[in-house]
């Protein structure tokens, strides 16, 4: 039952994410010719130049990519991504002509970028894609192995944005950059979540005593690693503790009482695999 609920929860976000992507494109980006890169950005350019509807150009751009990818990559992944692309095309067709904002570039860039970013994050969490530059970049990498996928994606997106700059002018290009920035931050937020945990690295000569005190007071696990100080040459111990942000002040207080001379630094954790209680 738990696995079934996890499966439903995971894949329910796929159509919801695609819905948000198509909705934001037609409601916020298309009316103001805001080009954010990718196949849809190229589609907005083609719609302005030759009048091809966005849903048609998006499908026409992606079909050759998926045909090529089918013979190169994992077929199960490609078929799942192709199904996502067809659903995306359907929503683009459904929302055609839907304009929510009439004359506000700022609202369109920020809210459109946020909604699109949420949609992208929800889709990526299912482990699939709707095609576009990420699929094209993977194909480029399969042909030219020295070109890494992130580099290829950057080159393709920059090329589309520069084309939009040429067609639509400076102002729309700048709003496109704002939209891309908001999209990136929002999708990252969806993928990583809000409740970042913290990892504390404590270098001390009282590692065992610290570990017992922290695990007892904070009810947290800890890992102790034997180490050696390069400058001092003395034996040290490194204690690694993962904890939610709210427990870091208590962790600092306990550590300071037991070993005021220890060296400690705390860093963010974006993802934890294994058992962890917030």
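For this structure, a couple of remarks:
- Screening region 190-251 for strands (runs of 3 or more DSSP E) wholly inside it with 1 or more residues that are without any contact (Cβ under 8 Å) to a residue 40 or more places away in the chain, surrounded by fewer than 18 Cβ atoms within 10 Å (Cβ to Cβ) and not assigned by TED's automatic domain parsing to the domain that holds residue 20 returns the ranges 223-228, 235-244.
- Options 32, 23: the member that is at pLDDT 90 or above and either buried (at least 24 other Cβ atoms within 10 Å of the Cβ) or in the same structural domain as residue 180 (by TED's automatic domain parsing) (or both): 23
- Looking at 100, 46, just one residue is under 15 Å from residue 29 (Cα atoms) and free of Cβ contacts under 8 Å to residues at least 24 places away in the same chain, and that residue is 46.
- Test: residue in region 178-200 that is touching a strand residue (DSSP E or B) at 6+ places or on another chain (Cβ under 6 Å) and farther than 30 Å from residue 120 by Cα: yes
- Meets criteria (free of Cβ contacts under 8 Å to residues at least 60 places away in the same chain, over 21 Å from the mean Cα position of the chain (by Cα) and surrounded by fewer than 14 Cβ atoms within 10 Å (Cβ to Cβ)) for residue 127: no
- Any hit, region 1-11, residues being modelled with pLDDT under 85 and either buried (at least 18 other Cβ atoms within 10 Å of the Cβ) or part of a loop (DSSP other than H, G, I, E, B) (or both): yes
- Number of residues in region 247-278 that are more than 10 Å from residue 200 (Cα to Cα) and modelled with pLDDT of 80 or more equals 14.
- Leading residue by the ranking (surrounded by the fewest Cβ atoms within 10 Å (Cβ to Cβ)) among those in region 64-80 that are touching a helix residue (DSSP H, G or I) at 6+ places or on another chain (Cβ under 6 Å) and assigned to a helix (DSSP H, G or I): 70
- Residue within region 55-63 that is in the same structural domain as residue 127 (by TED's automatic domain parsing), within 20 Å of residue 172 (Cβ to Cβ), surrounded by 24 or more Cβ atoms within 10 Å (Cβ to Cβ) and modelled with pLDDT of 85 or more present: yes
The values are calculated or read from the model by the stated rules, or taken from the named source; none is laboratory data. Fair warning: this is a prediction, and the values are worked out from it, not measured in the lab. Positions of Cβ are generated from backbone atoms using ideal geometry, with glycine treated the same way; all protein chains shown enter the neighbour counts.
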